[in-house]
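The structure under discussion appears below in the form of structure tokens.
The values are calculated or read from the model by the stated rules, or taken from the named source; none is laboratory data. Because the structure is a prediction, the values reported are computed rather than measured. A quick note on method: Cβ atoms are made from the backbone with ideal geometry, for glycine too, and the neighbour counts reach across all protein chains shown. Areas reflect the complete protein model, heavy atoms only, side chains present, ligands, DNA and RNA absent. Shrake-Rupley method; radii C 1.70, N 1.55, O 1.52, S 1.80 Å.
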Amino acid sequence: RIHVVHHGVDCDFFSPLPTQRSAVFTVLFVGNFRRNFAVLAQVCHLLEPYKDIRIRLVIPESKIIEFKGYKNVNAESGLSDSDLRNAYREASCLLM
């Protein structure tokens, strides 16, 4: 027998903001599993000169040190479900 368990998203909980996002363009990256942190570091380096772009990383605590030197990168770990929902809501785009 084969059972398929689909990845699901609670669309009632993870829903768009009823109001507009902030004026700052925010790139959001979330995750650990099957993520290429070397490429992510290159992207952060390429976007660093753009002062109007903020990069928010939700990554494992062990990876945060790798992104400390970037001026427009905020790396964090251990967000609650509500904080993660807010990160998605506040983002202008998601970087995978």
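Only residues that are outside any helix (DSSP H, G or I) and over 18 Å from residue 26 (Cα atoms): list them for region 57-68, please.
From region 57-68, those outside any helix (DSSP H, G or I) are 57-60, 68; that's our starting set.
Of everything in region 57-68, just one residue is outside any helix (DSSP H, G or I) and over 18 Å from residue 26 (Cα atoms), namely 60.
When region 1-31 is examined, which residues are found to be of a type in the set (S, T, N, Q) and open to solvent by 90 Å² or more (accessible area, probe 1.4 Å)? Give the steps one after another, and end with the answer.
Here is the first cut: in region 1-31, the residues of a type in the set (S, T, N, Q) are 15, 19-20, 22, 26.
Within region 1-31, 19, 20 qualify.
What's the number of the only condition in (1) modelled with pLDDT of 95 or more; (2) out of contact with any helix residue (DSSP H, G or I) (no Cβ under 6 Å at 6 or more places or on another chain) that residue 73 fails to meet?
Unmet condition: (2).
Residue by residue, here is whether (1) outside any strand (DSSP E or B); (2) in contact with a strand residue (DSSP E or B) (Cβ under 7 Å, 6 or more places away or on another chain); (3) hydroxyl-bearing (Ser, Thr, Tyr) holds:
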residue: 12; (1), (2), (3): yes, no, no
residue: 20; (1), (2), (3): yes, no, no
residue: 26; (1), (2), (3): no, yes, yes
residue: 29; (1), (2), (3): no, yes, no
residue: 42; (1), (2), (3): yes, no, no
residue: 51; (1), (2), (3): yes, no, no
residue: 55; (1), (2), (3): no, yes, no
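Being closer than 27 Å to residue 10 by Cβ and over 13 Å from the mean Cα position of the chain (by Cα), is that true of even one residue in region 40-56? Walk me through how you get there before you give the answer.
From region 40-56, those closer than 27 Å to residue 10 by Cβ are 40, 54-56; that's our starting set.
Among the residues that remain, those that are also over 13 Å from the mean Cα position of the chain (by Cα) are: none.
No, that holds for no residue.
Within region 67-89, restricting attention to residues that are more than 13 Å from the chain's Cα centre (by Cα) and under 22 Å from residue 16 (Cα atoms), which residue is most open to solvent (accessible area, probe 1.4 Å)?
The qualifying residue most open to solvent (accessible area, probe 1.4 Å) is 81.
So which residues in region 74-86 are under 18 Å from residue 44 (Cα atoms) and in a helix (DSSP H, G or I), if there are any at all? If you could, list the steps in order and put the result at the bottom.
Within region 74-86, the subset under 18 Å from residue 44 (Cα atoms) is 74-77.
If the condition is that a residue be under 18 Å from residue 44 (Cα atoms) and in a helix (DSSP H, G or I), then no residue fits.
Pairs under 8 Å by beta carbon, first residue in contact (Cβ under 8 Å) with a residue 60 or more places away in the chain in region 70-96, partner of a type in the set (Ser, Thr, Tyr) and open to solvent by 40 Å² or more (accessible area, probe 1.4 Å), six or more apart or different chains?
90/22; 94/88
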